[in-house]
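Enquirer: To start, I am sharing the structure in question, which I have written as structure tokens.
Just so it is clear, none of the values below were taken in a lab; they were calculated from the coordinates. Quantities reported herein were computed from a predicted structural model and do not represent experimental measurements. No Cβ is skipped: glycine too gets one built from the backbone with ideal geometry, and neighbour counts run over all protein chains shown.
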Amino acid sequence: MDLINALVAITNYVIIPATAYGAQLALGALGVTLIYSILRFSNFAHGDTMAFGTGIVILITWGFQAMGISLGPLPTALLALPFGIIVTAALMLGTDKVVYQYYRKVRAAPVVMVMVSVGVMFVMNALTRFLIGVDQINFDDGARFVINARQWREMTGLSEPLTLRSTQVITVVTAIITVAALFWFLGKTRTGKSMRAYSDNEDLALLSGIDPNRVVAVTWIITGALATIAGTLYGLDKSFKAFTYFQLLLPIFASAIVGGIGNPVGAIAGGFVISFSEVGLTYAWKKVVTYLIPNWQPDGLVQLLSTDYKYAVSFTILILVLIFKPTGLFKGKIV
Amino acid sequence: MSYLNASEMTGGYGKADILHSCTLTVEKGEIAVIVGPNGAGKSTAMKAVFGMLSLREGKVTLDGVDITGLSPQDRVKKGMGFVPQVNNVFPTMTVEENLEMGAFIRDDDFAGTMEQVYELFPILKEKRRQNAGELSGGQRQQVAVGRALMTQPKLLMLDEPTAGVSPIVMDELFDRIIEVARTGISILMVEQNARQALEIADKGYVLVQGANKYTDTGQALLADPEVRRTFLGG
Amino acid sequence: MSTTRQPGGSSAIRAPLFFAIMAVLILFEGFSSGWNSALGILNMGLLSAIMALGVNMQWGYAGLFNAGAMGFLALGGLAPVLISMPPTPGAFKAGGPGIMLAFFIAIVAVLAAVWIWRNLTGRLRGLAVTAVLIVGFFVYRWAFDPAVAAIEAINPSAQGNLGGLGLPTLISWPVGAVLAAGAAWLVGKTALGLRSDYLAIATLGIAEILVAVLKNEQWLDRGVLNVNGIPRPWPVPYEIDLQNSPDFVAKAQSWGMDPQLASTITVKLAYLLLFVVVLAVLIWLTQKALKSPWGRMMRAIRDNEISAAAMGKNVTRRHLQIFVLGSAVIGLAGAMMISLDGQMTPTSYNPLRYTFLILVMVIVGGSGNNWGSILGGVLIWYVWVKAGDWGPDIMAALASPFPEGGFKEHLIQSAPHMRMLVMGAILLGVLRFSPRGLLPEK
């Protein structure tokens, strides 16, 4: 019984939250990795793109709420999501036209592109703040739980509670749909294949008559969509705060690099490696330990790392990968 | 008028000219080979034909049409195919996807062309679900040639197709190239392995310092004692 | 660093002209808003200039993108706390040995892991390294946790930290540089030599972590409780002492000044003097370095890494050198900033303000040009402060056509975010239209 209780505690406090967080990171890392493989630079503005997209979704959600439109048990934000994606994708295309296009034309070094993305980051940051401010915002208005603690206890009779929040389920389901759609697009459609070709071998792609402007435009649209979805899911699951999204840049980059930057499968795997390490290392294992070792009460919380250092986990994994396997777990590209 | 007529080409990448009044012509279904010492401008001459460097003087016509001002992409649409020396496949895409990308500019159904390519290179059909980057050097070259054939070019240009492959693979590649030429496609090829290449060539060009030095049939060049001594190592 | 080189204008009058404009702006501030405000901007501007000098060494000389200047700045700021604060009575005795033991254990564990990694092969290697690190971690925590608890229990409302050594503040400045250099060495050793943006990502990470350490390690710097009353560096006086000194009051009155105002200005002038001296020494050193064979080699590496490597230059090693040196300068500025503020507030470190704004200063001033960094530092700081001041007015003007109500209010309220927009626009504009900055590198 204690063993089952321990497993329930691990599921409740580690596996479920880490899966949801991992899915959010994976979607973010996919955006970073796509930009990297097509435009060949690390996009520092990605966190703020997520914040911007989420900000738009929140505004539209409020609009729907004011009009009395809702999705019943599902959060209204899901209904607002497609509109948020359209606005964010439009902003991405505009930014490319006004900013990035020129640097592609002069074939600027990748590190200059990174610097340019810092400029874009400032502007996006300001736009988001103008739109929605700097405060923490909760915009989840759907049903709170799929399984709550009481139902769980009645269902199983176990003393250890388990809750499954609806945002966690929504995150995972949405992420699966998004990733499936993305992989179908990249693997089966002509445009998707031309993007992979462009990422693989730019010169040969040009020779084959692939239009680089079209490839880049489609990439920005997909990136805008991925950023908005990732940001909205994160915001629904936790809460929205512009600065938190900027800070997500580190775990997202770490996910992309750990998996092998430029490799979409790697980005997803990296997201889960980072999220499980982060949640696992910052979880207080006291409860689990007491279940497993009956006659021992540990003094402390048996927490390996205080939650304040969660970014240290991403960073340490990042550094270890850079030292021992710079191409990542799945072979990424080093341009 | 020859099918491809690149006449009096003069130009280079920067200020200094690499090509000096260089002329190349290829007839329909003919194999033409460019040989010469290192730094003779062989690849440059071919790139000039394909529009990858701008000419100061001279002009290029294909099937009687002046294409001197066209970009490489537009020349592909006019019936040219080009196989670069290196980085000539999409390594993380399957063989079949590589061929599909070769046919990117085509709006019609290219299944028949793909079947023809598979007939020409049976090994590719066998490996069509495998990533091109995982194939051997010779097989990769076949993918590269196959990719270029997907646009159904009238003129196929190959930049040192046998660089870095073993002699056996080289012989096989040359056999394939002869087969391609038999289907009526003109071939223009730059080769390091001059002797073997001239053996299959209908026409050979020996370039020295960006200018035509000798031009004759492949057999005649192989028989020429002067050419043998200076360029074929006796 | 940029790929396009535009023809540099007549640089002989360019630099003096821009510095003159800067001086006029500061003087104007003095006459319009008072000398306290003007000197305040100038002092912080000079500190920004020193930070920009450090970042310029990395980005301008070598093309290295340090996205973590904030971290090195914050770490440098720890030095005044550890060096010049008075020691907490009993703290070292309570927890010092435990903490030193913990660090010793950590170092031994890491060294053992490295040794195993180098000397074993096969599957055993990974397992052994993991085992050593895990055991090491638990032993470390066994020594560390009680020591921290003991220190934090001492007079928690005012101290609860290790305290400092009680040494003069000026000594803490070079110590700040050394602390930052050490952290930079660790990061550079791992992230340099890989793709150029990996350094940016790694530094972004280390900055977050260093600030997290300052926020959470109460035994070290009281964390979010802040350390107050950090002693001023020699020879900066305290306002209250000046006001109590009859000589000073008499002198102020003889100049027709209010003694209180005179005292604040005297303090600011004293800081100004110190900062100018440090800046002068730094610019003398950096200019000399830039013109030396070493500096020429650095720029050669930046402009063509491949050919420099082909000439037998160890590019990664040079990069590590310049990265550490640049970070040391940033750390120095961090220590100076804390002694100017007189307090350590870890929550005030914000990457936009302390990492990315400094990059804007370097790029606007002119990447690779030390004088440009100084100009950019002061000028951009001025614009940053002023964008905050003018933002509400501009916004109010912009919002005036709209009817009273929620939207107008929202616009005016969001005015403080104007400076982000201004900085982004300046950075993008300079990168696009004048990539060599105001004072281009010669």
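Enquirer: If packing is taken as the average count of other Cβ atoms within 10 Å, what order do A:294-302, B:152-160 fall into, highest mean first?
Expert: Top to bottom by mean Cβ count within 10 Å: B:152-160, A:294-302.
Enquirer: How would you classify chain A from its alpha-carbon gyration tensor, with a ≥ b ≥ c the square roots of the eigenvalues: rounded for a/c under 1.5, else prolate if a/b is greater than b/c, otherwise oblate?
Expert: prolate
Enquirer: Next question, about the same structure. Give me a single rounded figure for B:94-103: the average over its residues of other chain Cβ atoms within 10 Å of their Cβ.
Expert: Per residue, the average neighbour count from other chains is 4.
Enquirer: Can I ask one more? Could you work out the helix-only [θ] at 222 nm for chain B, with each DSSP H run of four or more residues adding -39,500 (n - 2.57) and the total divided by the number of residues, to the nearest 500 deg cm²/dmol?
Expert: Mean residue ellipticity at 222 nm (helix-derived): -10500 deg cm²/dmol.
Enquirer: Scanning chain C for chymotrypsin sites (Phe, Trp or Tyr not before Pro) in DSSP loops with at most 14 other Cβ atoms within 10 Å, what's the longest stretch left with none?
Expert: With a cap of 14 other Cβ atoms within 10 Å, the longest stretch comes to C:1-237.
Enquirer: Separate question: Give the residues of the range C:348-381 whose amide nitrogen is closer than 13 Å to a point set 7 Å from the Cα of residue C:284 in the direction of its Cβ.
Expert: Nothing falls inside the zone, counting backbone N under 13 Å.
Enquirer: Can I ask one more? Calculate the spin-label point distance for residue A:143 paired with residue A:169, positioning each point 7 Å from the Cα along the beta-carbon direction, and give it in nanometres.
Expert: Going from the residue A:169 label point to the residue A:143 one covers 0.6 nm.
Enquirer: Under 19 Å between alpha carbons: how many lysine pairs meet that in chain C, if sequence neighbours fewer than 8 apart on the same chain are excluded?
Expert: 5
Enquirer: With springs only between Cα atoms under 10 Å, which of C:309, C:38, C:91 fluctuates most in a Gaussian network model of chain C?
Expert: C:309
Enquirer: Which of C:60, C:193, C:372 ends up with the largest GNM mean-square fluctuation for chain C, with Cα atoms connected below 10 Å?
Expert: Comparing C:60, C:193, C:372 in the GNM, the peak value goes to C:193.
Enquirer: As an exercise, use a Förster radius of 45 Å and the Cβ-Cβ distance of residue A:247 and residue C:19 to find the FRET efficiency, rounded to the nearest 0.05.
Expert: FRET efficiency, residue A:247 to residue C:19: 0.75.
Enquirer: Would you calculate a helix-derived [θ] at 222 nm for chain A, using -39,500 (n - 2.57) for each DSSP H run of n ≥ 4 and dividing by the full residue count, to the nearest 500?
Expert: Estimated from H runs of four or more residues: -22500 deg cm²/dmol.
Enquirer: Take residue B:183, project a point 7 Å from its Cα along the Cβ direction, then tell me which residues of the range B:101-120 have their backbone nitrogen under 11 Å from it.
Expert: B:112-120
Enquirer: Something else now. At 0.36 nm per residue, and after removing the present C-alpha to C-alpha distance, how many nm does the segment from residue A:86 to residue A:188 gain when stretched out fully?
Expert: Length gained between residue A:86 and residue A:188: 34.4 nm.
Enquirer: Stokes-Einstein at 25 °C, 0.890 mPa s, Kirkwood radius from Cα pairs: D for the range A:209-335 in µm² s⁻¹?
Expert: Translational diffusion coefficient: 145 µm²/s.
Enquirer: Given C:26, C:187, C:218, which one lies farthest toward the positive end of the charge dipole of chain C, if we put +1 on the Cβ of every Lys and Arg and -1 on the Cβ of every Asp and Glu?
Expert: Positive-most Cα among the choices belongs to C:187.
Enquirer: Additional query: Compute the separation of the alpha-carbon centres of the range C:232-304 and the range A:289-329 and state it in Å as a whole number.
Expert: Computed from Cα coordinates, the inter-centre distance equals 46 Å.
Enquirer: Once the Cβ-Cβ distance between residue A:180 and residue B:71 is put in as r, and R0 is 35 Å, what FRET efficiency do you end up with, to the nearest 0.05?
Expert: 0.40
Enquirer: What FRET efficiency do you get for residue A:302 and residue C:178 if R0 is 35 Å and r is their Cβ-Cβ distance, rounded to the nearest 0.05?
Expert: Plugging the Cβ-Cβ distance into 1/(1 + (r/R0)^6) gives 0.45.
Enquirer: Here is a further query. For helix A:310-324, report the angle its Cα long axis makes with the longest principal axis of the Cα atoms of chain A; keep it between 0 and 90° and round to the nearest 10°.
Expert: 60 degrees
Enquirer: Ok, one more. Looking only at Cα atoms, what is the convex hull volume of the range C:99-216 per residue, in Å³?
Expert: Dividing the Cα hull volume of the range C:99-216 by its residue count gives 147 Å³.
Enquirer: Under a GNM of chain C (C-alpha, springs under 10 Å), which listed residue has the highest mean-square fluctuation: C:75, C:214, C:352?
Expert: Comparing C:75, C:214, C:352 in the GNM, the peak value goes to C:352.
Enquirer: What is the dipole size for chain A, taken about its Cα centre, with +1 at each Lys and Arg Cβ and -1 at each Asp and Glu Cβ, in debye to the nearest 20?
Expert: In total the dipole reaches around 680 debye.
Enquirer: Then there's this: For residue C:137 and residue C:310 in one chain, what is 0.36 nm times their gap in residues minus the Cα-Cα distance, to one decimal in nm?
Expert: 58.0 nm
Enquirer: Distance from the Cα centre of the range A:204-250 to that of the range C:16-72, in angstrom?
Expert: Each part reduced to its Cα centre gives a spacing of 35 Å.
Enquirer: Going 7 Å from the Cα of residue B:119 toward and past its Cβ, which residues in the range B:139-155 have a backbone nitrogen under 18 Å from where you end up?
Expert: What the label zone holds, given the 18 Å backbone N cut-off, is B:146-154.
Enquirer: Measure off 7 Å from each Cα along the Cα-to-Cβ vector at residue A:293 and residue B:8, then give the distance between these two points in nanometres to one decimal.
Expert: 9.2 nm
Enquirer: Could you please state, rounded to a whole Å, how far the C-alpha centre of the range A:106-124 is from the C-alpha centre of the range B:92-138?
Expert: Cα centres, the range A:106-124 to the range B:92-138: 38 Å.
Enquirer: Roughly what % of Cα-Cα distances in the range C:90-153 sit above 13 Å, to the whole percent?
Expert: 62 percent
Enquirer: In percent, what relative contact order does chain A have, based on Cα pairs under 8 Å that are 6 or more apart in sequence?
Expert: 32 percent
Enquirer: For chain B, give me the percentage of DSSP beta bridges that are antiparallel, rounded to the nearest 5 percent.
Expert: Antiparallel bridges make up about 55 percent of those DSSP assigns within chain B.
Enquirer: Tell me which chymotrypsin sites (Phe, Trp or Tyr not before Pro) from the range B:1-52 have a DSSP coil assignment and no more than 14 other beta carbons within 10 Å of their own.
Expert: In loop regions of the range B:1-52 (DSSP not H, G, I, E or B), the sparsely surrounded chymotrypsin sites (Phe, Trp or Tyr not before Pro) are B:13.
Enquirer: Contact order normalised by length for the range C:90-153, with contacts defined as Cα pairs under 8 Å and 6 or more residues apart; what percent is it?
Expert: With pairs under 8 Å counted, the relative contact order is 56 percent.
Enquirer: Return the loop-located trypsin sites (Lys or Arg not before Pro) in the range A:83-115 (DSSP other than H, G, I, E, B) with at most 11 other Cβ atoms within 10 Å of their own Cβ; answer none if there are none.
Expert: When the trypsin sites (Lys or Arg not before Pro) of the range A:83-115 are filtered for loop state and at most 11 Cβ neighbours within 10 Å, A:107 remain.
Enquirer: What does the charge count around residue A:184 come to, taking other residues whose C-beta lies under 14 Å from its C-beta (Lys +1, Arg +1, Asp -1, Glu -1)?
Expert: So the surrounding residues net to +4.
Enquirer: Relative contact order for the range B:63-180 using alpha-carbon pairs under 8 Å, separation at least 6, rounded to a whole percent?
Expert: It rounds to 39 percent for the range B:63-180.
Enquirer: While we're on this one: So for the pair residue B:78, residue A:4, with labels modelled 7 Å out along Cα→Cβ, what separation do we get in nm?
Expert: 7.9 nm
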